[in-house]
1. Could you run through the stretch 23-57 and say how many residues are in contact with an Asp or Glu (Cβ under 8 Å, 6 or more places away or on another chain) and either polar (S, T, N, Q) or farther than 30 Å from residue 69 by Cβ (or both)?
2. Picking from 99, 87, which residue would you name as being open to solvent by less than 50 Å² (accessible area, probe 1.4 Å) and under 30 Å from residue 175 (Cα atoms)?
3. Mind listing whichever residues of the stretch 140-175 are in contact (Cβ under 8 Å) with a residue 40 or more places away in the chain and under 30 Å from residue 52 (Cβ atoms)?
4. Could you please find all residues in the stretch 26-49 being within 14 Å of the chain's Cα centre (by Cα) and loosely packed, with under 13 Cβ neighbours inside 10 Å?
5. Can we say residue 73 is open to solvent by 80 Å² or more (accessible area, probe 1.4 Å), over 25 Å from residue 117 (Cα atoms) and modelled with pLDDT of 95 or more?
6. Quick one: in the stretch 111-138, which of the residues that are among the hydrophobic types (A, V, I, L, M, F, W, C) and open to solvent by less than 60 Å² (accessible area, probe 1.4 Å) is farthest from residue 182 (Cα to Cα)?
Amino acid sequence: ATPASGSDFAGWSGDCTGTGSCTVTMDQAQNVTASFTKTPRLLSVAMTGSGSGAVTSAPTGIDCGATCSASFDDGTSVTLTATPASGSGFAGWSGDCTGTGTCTVTMSQARNVTASFTKTARLLSVAKRGTGSGQVISAPVGIDCGATCLASFDDGTSVALTAAPAAGVVFAGLAGDCTGTGACTVAMDQARNVTATFE
């Protein structure tokens, strides 16, 4: 038995058994069945980046998170779909797929695909008001208002804002997504707006 490309010989049944050559003695009618199967091809999915998400396949087999590799019959067309988790975005495919849409691979050989997820950028906006002047700075760095009063931070980042009044000025407090007259910490799970008043 000689399998075609993309197929494997699974064995004999009937008047022959095993997977080697088959010899029958023709002292009566004989019946032999040769069984061929598609060659399994391994599809491996990896996930990278600062964000998180899942990759699933159609037909089923890949569900990554949990199951990131699966074998499919030779020649099978497999479509991979990337679904970012809340607070993440899908940045694109690499390896045997490219782009940001669904990924379709033909399993004529082993395939390797990487899905990249990034954290969603959340905008923090700081405004200053009042008759006085001063500065608002952030940790981690990004806001230095003064000059830079808008900055993006990865989803989920905790950003501490500190107000520093100029000489002869009193810091009157924060409003918006922060309140009070001390240091303020905002969780960047959405866009945030903070106003600092100097008198």
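1. The total comes to 9.
2. 87
3. Once the filter is applied, which keeps residues that are in contact (Cβ under 8 Å) with a residue 40 or more places away in the chain and under 30 Å from residue 52 (Cβ atoms), the stretch 140-175 yields 154, 155, 156.
4. Across the stretch 26-49, the qualifying residue is only 48.
5. So residue 73 passes the test.
6. Only one residue fits best here, namely 113.
The values are calculated or read from the model by the stated rules, or taken from the named source; none is laboratory data. Just so we're clear, the structure is a prediction, and the values are computed from it rather than from any experiment. As a convention, Cβ positions derive from the backbone with ideal geometry for all residues, glycine included, and neighbour counts pool all protein chains shown. Ligands, DNA and RNA are excluded from the accessible area calculation, which covers all protein heavy atoms including side chains. Shrake-Rupley method; radii C 1.70, N 1.55, O 1.52, S 1.80 Å.
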